[in-house]
Amino acid sequence: MQQEAAQRELEELQHVQWRPRGVRGWSLPQLLWYLVFLQPIITEVHLRRKNVQFLFIRFSAWQYAGTDKLWAGLVTTLCEGIRHHYGPLPFSVYSVMGNKPLTTPGCCQREWHCRRRVCLGLLGLLAALALGVGLLYLSLGGHEHGHGHGGPGGSLLKVFGGAATTLSGSGLLMAVYSVGKHLFVSQRKKIERLVSREKFGSQLGFMCEVKKEVELLTDFLCFLEIYQRRRLRVVLEVTGLDTCYPERVVGVLNAINTLLSDSHAPFIFILVVDPSILAACLESAGNMKGTADNGYLFLNRTVTLPFSVPIMGPRTKLQFLHDAVQSRDDLLYREITGKPRPPAGGGGGGGGEGAQLLAVETQAGPEHAQGRVDAEAARSIQEALFCLHDERDCLYEYVPDNVVSMRRIVNTVPITVRLLQQQQGDLGGPTPRQAVAWVVLANQWPCRLSWALQCLEDRQQAGGAPEGRARLWDVFRDNSRELHTMTKALQNVLDLDGDPELFERFLGADFPFTVAEAQSLLRCTVNLDHSIRRRMGLIRAVSALKPPSPPKSPAHDTPHAADGANHVSRASPIGHAAGHASEAHHPRDRAHGSKPRPVA
């Protein structure tokens, strides 16, 4: 947008003779003169101007999430940003003495019109002040030189002189006082006072007062457009709205609609949000029932230019991953340089909590041995992080197109590698590539991975654990039907997972983790919420406690005897493996076309 504005400015200056005016520094007195004595006129020349200047204001809704009037924070941020950009003095003078730009019909080319009333009024006050001072001087001067002895003439001069001086001086002082009041009491403070009044806030006139402040701000920007000889657009970047309560979200969207209700308002709002979360907030808001039953339809009526960030290409994703890895250099300096850690017992007896944690981590060994451990950790961490942004490796394809998720993965890899190194020591185990792949797996599919681990744990407790060489994908596939029956109970957790097809390709082809490797990596996993597994274990335990099916009539028992055996074998708590085995012993069921019964 800045580049577009600069290009338009150059193109406009090639066709016109005038130059844009400034609003700061030595240009400030000229701006104040125009504010007081001249009135702008919207002409055809101004409407044809193509050069534009963007003013960017950032609004983080999360900072105002705790307030009842989040939309008021939006308006106050807008007013404060414009006030800070142009200075408090010009806006204060315009609030007291400014006038709304006029629109004249015809082909009038004059952009400024002299405010005769203001000029005449100011000249009258100055003349009255000069006359009053002169009369007071004559009365006091004549009395001192002995020309008067307090007669009627001298008293009359004092009365007229004092009255003229008082009236003219009070008029000028009131104007200066009004400007000073607006100088120290900004629009933000006015709106905050209105919000703090609970009785006034519940009245219908509250939004009217806020609308007046916004209109004053709009007129001021229109004045500056004509003065600077360029179009002005205030771009308000709204972020963090999808982290607020539903009622707060509705209030902000209503405030945006209020600000945009004027067709000439120079405002551009950029909503940086997740549409799915925002639509859910609109649908769950109590005060939007009947209006936003479908949150997406409400957003379509509000957003005039929808823009979804496209999917990252391979080069862009690799560049982001490389930048995220490079940002870890400050935290990995000690490991990369191989600098040994200080001894755990050094520095006296009072090592504190940090020394205790360091002692547990390093396990108190000789200095050269610890240096070797640190050097090996640095090599492993560098190898693991390099696998993330290596274009010859397929691992980056499973990393999401989200910078936050990228940084979360990059920040987790060094911790996982260090814990894995301390766990296995010099023995063989998962490689650094497998460690970073496991981190990506836990970050992208926490629900499906937790289900596979929970099924594996249940089999071990039942005494039917698979061999260590068995694939983790086979464990998940054998129990996927049971997970399908729990989709309603685990809907919120399933929403955390990524693409299911990529999960199958990840565990089935590119990274076929075995049961032994999964158990080894689970002990050093820090980015997987274990409460998900506990919830799944409770649901499976409750499902196993369901009462048996009611007995059937003798007429239906004979033709479905074999099928009933399959149903009993499938209800075993071990899983679906027994069910599949029982189906293999009854080929007649398949031959007769009988359908397998659903899992209980």
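Test W473 against the criterion of being in the same structural domain as A384 (by TED's automatic domain parsing), aromatic (F, W, Y) and within 23 Å of A378 (Cα to Cα), and give yes or no.
Numbers: in the same structural domain as A384 (by TED's automatic domain parsing): yes; aromatic (F, W, Y): yes; within 23 Å of A378 (Cα to Cα): no.
No: the conditions fail for W473.
Can you tell me which residue among A509, A577, A518, A544 is modelled with pLDDT under 50 and either touching a helix residue (DSSP H, G or I) at 6+ places or on another chain (Cβ under 7 Å) or surrounded by fewer than 17 Cβ atoms within 10 Å (Cβ to Cβ) (or both)?
Numbers: A509 fails: modelled with pLDDT under 50; A518 fails: modelled with pLDDT under 50; A544 fails: modelled with pLDDT under 50.
None of the other options fit; the residue is A577.
For the range 303-328, give me each residue that is out of contact with any Asp or Glu (no Cβ under 9 Å at 6 or more places or on another chain) and either among the β-branched types (V, I, T) or modelled with pLDDT under 55 (or both).
V303, T304, V325
When both residues are 6+ apart or on different chains and their Cβ atoms are under 7 Å apart, which pairs have a first residue that lies in the range 491-517 and is within 13 Å of L441 (Cβ to Cβ), and a second that is polar (S, T, N, Q) and in a helix (DSSP H, G or I)?
G498/Q444; E517/Q434
Can you work out which of the residues in the range 38-66 that are aromatic (F, W, Y) and at pLDDT below 85 is surrounded by the most Cβ atoms within 10 Å (Cβ to Cβ)? It would help to see each step written out before you state the result.
Filtering the range 38-66 down to residues aromatic (F, W, Y) leaves 54, 56, 59, 62, 64.
Narrowing further to those that are at pLDDT below 85: 62, 64.
On the way: W62: 13, Y64: 21.
Here the residue is Y64.
Restricting the search to the range 236-258, which residues are surrounded by fewer than 16 Cβ atoms within 10 Å (Cβ to Cβ) and under 22 Å from Q53 (Cβ atoms)?
E237
Within the range 365-402, can you find the residues that are loosely packed, with under 14 Cβ neighbours inside 10 Å and under 24 Å from P500 (Cβ atoms)?
Once the filter is applied, which keeps residues that are loosely packed, with under 14 Cβ neighbours inside 10 Å and under 24 Å from P500 (Cβ atoms), the range 365-402 yields E397, N402.
Can you say whether L232 is out of contact with any Phe, Trp or Tyr (no Cβ under 7 Å at 6 or more places or on another chain) and more than 18 Å from A280 (Cβ to Cβ), as far as the supplied structure shows? Step through it out loud before you land on a result.
Numbers: out of contact with any Phe, Trp or Tyr (no Cβ under 7 Å at 6 or more places or on another chain): yes; more than 18 Å from A280 (Cβ to Cβ): yes.
So L232 fits the description; yes.
Enumerate the helices (runs of 4 or more DSSP H) found wholly within the range 416-496, keeping only those where 1 or more residues are out of contact with any Lys or Arg (no Cβ under 8 Å at 6 or more places or on another chain), at positive phi and surrounded by 18 or more Cβ atoms within 10 Å (Cβ to Cβ). First the steps, then the outcome.
Numbers: elements: 432-444, 446-462, 472-478, 480-484, 491-494.
Fully inside the range 416-496 and qualifying: nothing.
Do any helices (runs of 4 or more DSSP H) lying entirely in the range 1-118 carry at least 2 residues that are touching a residue at least 12 places away in the same chain (Cβ under 8 Å) and in contact with a Lys or Arg (Cβ under 7 Å, 6 or more places away or on another chain), and which ones are they? Spell out the reasoning first.
Values: elements: 2-13, 28-37, 44-47, 70-86, 88-97.
Once the helices (runs of 4 or more DSSP H) in the range 1-118 are filtered for at least 2 residues that are touching a residue at least 12 places away in the same chain (Cβ under 8 Å) and in contact with a Lys or Arg (Cβ under 7 Å, 6 or more places away or on another chain), what remains is 2-13, 70-86.
If I532 satisfies all but one of (1) within 20 Å of A435 (Cα to Cα); (2) modelled with pLDDT of 90 or more; (3) touching a helix residue (DSSP H, G or I) at 6+ places or on another chain (Cβ under 6 Å), what's the number of the condition it fails?
Answer for I532: the failing condition is (1).
If I filter the range 14-63 down to residues being charged (D, E, K, R) and farther than 27 Å from T77 by Cα, which single residue comes out as farthest from the chain's Cα centre (by Cα)? Outline the logic, then answer.
Quick first cut of the range 14-63, residues charged (D, E, K, R) only: 19, 21, 24, 44, 48-50, 58.
Subset that is farther than 27 Å from T77 by Cα: 19, 44, 48-50.
Numbers: R19: 39, E44: 41, R48: 37, R49: 35, K50: 32 Å.
Among those that are charged (D, E, K, R) and farther than 27 Å from T77 by Cα, it is E44.
Select from the range 204-231 the residues that are crowded, with 17+ Cβ neighbours inside 10 Å and not in a helix (DSSP H, G or I) and list them in ascending order.
R229, R230, R231
Residues of the range 525-534 being closer than 15 Å to L496 by Cα and not acidic (D, E), which ones?
Keep residues of the range 525-534 that are closer than 15 Å to L496 by Cα, which gives 527-533.
N527, L528, H530, S531, I532, R533 - these are the residues of the range 525-534 that are closer than 15 Å to L496 by Cα and not acidic (D, E).
Provide a single number: the residues in the range 391-413 that are assigned to a loop (DSSP other than H, G, I, E, B) and without any contact (Cβ under 8 Å) to a residue 24 or more places away in the chain. It would help to see each step written out before you state the result.
Going residue by residue through the range 391-413, those that are assigned to a loop (DSSP other than H, G, I, E, B) are 391-394, 399-402.
Applying the additional criterion that residues be without any contact (Cβ under 8 Å) to a residue 24 or more places away in the chain yields 392, 402.
Count: 2.
I'd like to verify a number: residues in the range 243-298 that are in contact with a Cys (Cβ under 8 Å, 6 or more places away or on another chain), modelled with pLDDT under 80 and hydrophobic (A, V, I, L, M, F, W, C), how many?
Within the range 243-298, residues that are in contact with a Cys (Cβ under 8 Å, 6 or more places away or on another chain), modelled with pLDDT under 80 and hydrophobic (A, V, I, L, M, F, W, C) number 0.
The values are calculated or read from the model by the stated rules, or taken from the named source; none is laboratory data. The structure displayed is predicted, hence computed values, not measured ones. We place every Cβ from the backbone using ideal geometry, glycine too, and count neighbours over all the protein chains shown.
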